[in-house]
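Computed from the coordinates by the stated procedures, all read-outs in this text should not be read as laboratory data. Predicted, not measured: the structure shown is a model, and the values here were computed from it. FYI the Cβ positions are ideal-geometry reconstructions off the backbone, even for glycines, and counts take in every protein chain you see.
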Amino acid sequence: MIRGSLALFCLLSFSSNALAQDSAETDSAIAGAMQAMDEFMLAFNARDPEAWAASLNYPHVRFASGRVTIWETAAEFVQSGAFVRLAESGWDHSHWLTREVTLAAPGKVHIATVFQRFNRDNEIMGTYQSLYIVTRVDGHWGTQARSSLAP
C-alpha cells in the first residue's frame with residue numbers, strides 16, 4: 001500500500017511538472033505568434049513588401065478567392081505585387097478586430113481572426129474572417145499559412 005501510494009505521488013509530481021512546463025512553453029508560443037501577427041499587420045499597413053515577407057515563414061501558403069497560392073521564398077513573396085492589387089481596390093489599411101487562439105503547441109499556433117479593410121477616408125471596405133497558422137522555424141515566429149474569406 002505504501003509502495004503504491006509512493007508511486008502515485010511520484011507520478012503526479014512528475015505529471016504536474018510536465019504540465020507546468022508545457023503550459024509555459026505554450027504561453028511562450030502564443031506570445032511569439034501574436035508578436036508575429038503584430039509584425040505582419042504593421043508591415044502590411046506600411047506597404048513594406050520586404051518587412052511583410054520577413055513576417056512570414058516559408059513555404060508560405062494562402063487560401064483565398066477559391067485559389068491556393070504558395071510562395072517558396074521571401075524573394076518570391078516580395079515580387080507578388082499584392083500592394084498594387086490592394087491599392088487598385090481602394091484599400092488603404094487594415095486592423096485586427098479579434099484574434100482567438102484555437103490551437104497552440106510550442107512550435108505552432110492557430111489563430112482565428114476577424115479583420116477589417118479600410119479606404120483612405122477610414123471607411124470600412126469589408127470585414128473578414130480568417131485562420132492564420134503561425135509557426136516557429138529556426139527560432140523565427142512567422143505566419144506560414146493563411147485561409148481567408150477576403151478577396
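Between the stretch 32-68 and the stretch 83-105, what is the C-alpha centre distance in whole Å?
The stretch 32-68 and the stretch 83-105 have Cα centres spaced 9 Å from each other.
Which is the longest part of the chain that has none of the GluC sites (Glu not before Pro) sitting in a DSSP loop with at most 13 other Cβ atoms within 10 Å?
Longest gap between qualifying sites, sites excluded: 1-71.
Consider the candidate values (i) 55, 38, 25; (ii) 76, 31, 27; (iii) 36, 34, 26; state which one is Cα extents along the principal axes in Å computed from the structure displayed.
(ii)
Counting pairs of alpha carbon atoms under 8 Å apart in space and at least six apart in sequence, what relative contact order in percent does the chain give?
Averaging sequence separation for qualifying contacts and normalising by length gives 24 percent for the chain.
Tilt of helix 2-45 relative to the longest C-alpha principal axis of the chain, in degrees (0 to 90, nearest 10)?
Relative to the chain, helix 2-45 is tipped by roughly 10 degrees.
Counting other Cβ atoms within 10 Å, which trypsin sites (Lys or Arg not before Pro) in the stretch 90-151 have at most 13 and lie in a DSSP loop?
Arg120
What net charge is computed for the residues neighbouring Glu39, neighbours being all others with C-beta under 13 Å from the C-beta of Glu39, Lys and Arg scored +1, Asp and Glu -1?
The answer is -3.
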